[in-house]
1. May I ask you to list the lysines whose Cα is less than 21 Å away from that of A:K47, ignoring any residue fewer than eight positions away on the same chain?
2. For the stretch A:78-255, give the share of DSSP beta bridges that are antiparallel, in percent and rounded to the nearest 5; count only bridges with both residues there.
3. Calculate, for A:R91 and A:A231, the FRET efficiency according to 1/(1 + (r/R0)^6) with r their C-beta to C-beta distance and R0 22 Å; round to the nearest 0.05.
4. If the viscosity is 0.890 mPa s and the temperature 25 °C, what Stokes-Einstein diffusion coefficient in µm²/s follows for the stretch B:117-233 when Rh is the Kirkwood radius over Cα pairs?
5. Sort A:M203, B:M201 so the one with the fewest other Cβ atoms within 10 Å of its own Cβ comes first.
6. Viscosity 0.692 mPa s, temperature 37 °C: what is the translational diffusion coefficient of the stretch A:27-173 from Stokes-Einstein with a Kirkwood Rh over Cα pairs, rounded to a whole number of µm²/s?
7. Using a 10 Å cut-off on Cβ to Cβ distances, tally the other chain neighbours for every residue of A:316-328 and report the average as a whole number.
8. Along the charge dipole of the protein assembly as shown, Cβ charges K/R +1 and D/E -1, which of A:G184, A:L340, A:I367 sits furthest on the positive end?
Amino acid sequence: MIWEAVRLALTSVRRNALRSFLTLLGIVIGVAAVIAMITIGTGTTEKVKADIAKLGSNLLVVRSGADTGPGGPRVAARPLSQRDYETLSLRLADVEAVSAASQSRVRVVFGTESLQSAVTGTDDSYFPARNWALTSGRVFNDSELRAGSNVCIIGTTVSRQFFGAGDPEGSTIRVKQMSCRVIGLLESKGFSGFGQDQDNVVMMPLAAFQRRIAGSRDIETIYVAGRDGVATSQIQARMEDLLRESRRVAPDADDDFSVRDMTQVADAMTSATTAMTGMLGAVAGVSLLVGGIGIMNIMLVSVTERTREIGIRLAIGAHERHILLQFLVEATVLSAIGGLTGVLLGLGIAGGVAYALSIPFSPSALIVLMAFGFSAMIGMVFGFFPALRGARLDPIDALRHE
Amino acid sequence: MSAPLLSFSGVWKTYGRGEATVHALAGVELEIERGDFVAIMGPSGSGKSTAMNIIGCLDTPTRGVYAFDGIDAGRLDRQRRAILRNLYIGFVFQGYNLLARTTAAENVELPLVYRGVPSRERRARALAALDRVGLTGRENHTPAELSGGQQQRVAIARAIVSEPTLLLADEPTGNLDTARSHEIMELLIELNREKNLTVVMVTHEADIAAYADRQLKFLDGKVASDSRVTEMA
């Protein structure tokens, strides 16, 4: 009986192809929107997670000035000093690496080519702390670091600009006024989630940067990479104690530095994108509901149009439940077709957007099943009232209906 | 003689209430024997359509008893009347009432669908019924591709496919020309004779009514005359 009803429903959908298509549009758009929004949102979350993982896991970042929250103004304060760095690197236990770094955007020149690049003065701990490896060459040696020698390690963007596919090692580039020999090439990190080229960088010993580029002994940032399995909150508390001591902050005064836990930042960003995804999905869900109302509307039209047919069926012995079933199945089949089309369309849109924005395409079987199931259910729910109306018709009136 | 197939005793059908009360049937007494061919005649508003609806178990009397083969059909609920119709009654209407864009065979199969007959058997029985009404080879035509007479034959095939006890025909020749009308009547007579099928037919044409064994005339909600045509042979 169910099978008969499905066959009948398919026939009816085929006979009113244009009308069925227009009715379905609501469901198709609703389902496609839900699928596309959630798939793109999930991909974005994954991208953000991956970006943050590239920053380095368990990373804590120290800067001078009190932290007034993300995006808030930084209160001017004494810069970080060599003493702060040494205190942390000597007395902090359970950490993988402690690295001091300063950065500045300066012009880098090789031959006739030039490039505005992010130049960082730092030490060898920087690479493990930032989870960054070299593809060729070597890191700085102790004497280079101590002396502040004219050596540098460059990112792939700089290398490609100056040397094309050639080997940059041993060449000498000019950074601001300073000549410096390339000793290594960093692996590519690609663009960050904010569209920043992470490979347009030049690294040099901190002492060289301070003397030749910045002209001061200040340290901008201290990176601390916690050991796996040690809570970063614990390390952060210890760091704050050590820094207050080293910077001689009065017991009743606020910190004049900030320690930011990148794990927390990662969590915050992940939960923000997840919340965004959920919200967009919910908004798309509303359009599904609207699609359901469209189905109810067209099913009412269909019942009215086929009053005579219902009359014939009732006269020759159809029961109320046969008529109810017929129209319910028709509504469900209609919305299921819409759901299926919507799933395909939604995945297509999500795939295209994922490709265009170079975020991962991460369709979820659960979401696809839920959207499809929900659309079929909407057909059933919104088809019930019209179906019941058809089933309750009086056969005599229905037969007389023109 | 066994009990009559149909019997009306003191049947009233009343519509509206108060001043607007209309008695479509006003105390009808009637019995129809098994195997009979009855024509019901009467002007519009005489109650003949209401009587047909009650005979066909599409409607129930307001007062009085309508018995179908000993069953008090007037007291049955909607669902039981649907079962009764499906098992024992075939309908033929003036406007054919076939499902549009549905093949002749599918139309004929319809009563069997609601009886839960498996599709292979349904198909075979539908083809046999179409064959009986002389429509062999037309089983895949839709009503739009058939003439009026052929459509009425499909409707008759649909009415007899479930092998009913009673065939109800409501102005079966109302939309047909004279030649086609007589062909349809010949077919109904044949079915009446060979299957001992009881036929009750509403018509307002005297020459169509003349095919029947018995003629009932309704007037003002009552049976005004009841005449049996005795066969010559």
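Read-outs: derived from the displayed coordinates by stated rules, not from any lab. Values in this document were obtained by computation on a predicted structure and should not be read as measured data. Here the Cβ positions follow ideal geometry from the backbone for every residue, glycine too, while neighbour counts run over all protein chains shown.
1. Output for A:K47: A:K189.
2. 75
3. Using R0 = 22 Å, I get an efficiency of 0.75.
4. Calculated translational D: 157 µm²/s.
5. Going from sparsest to densest Cβ surroundings: B:M201, A:M203.
6. Approximately 171 µm²/s, per Stokes-Einstein.
7. If you average over the peptide's residues, the count of other-chain Cβ atoms is 5.
8. A:G184
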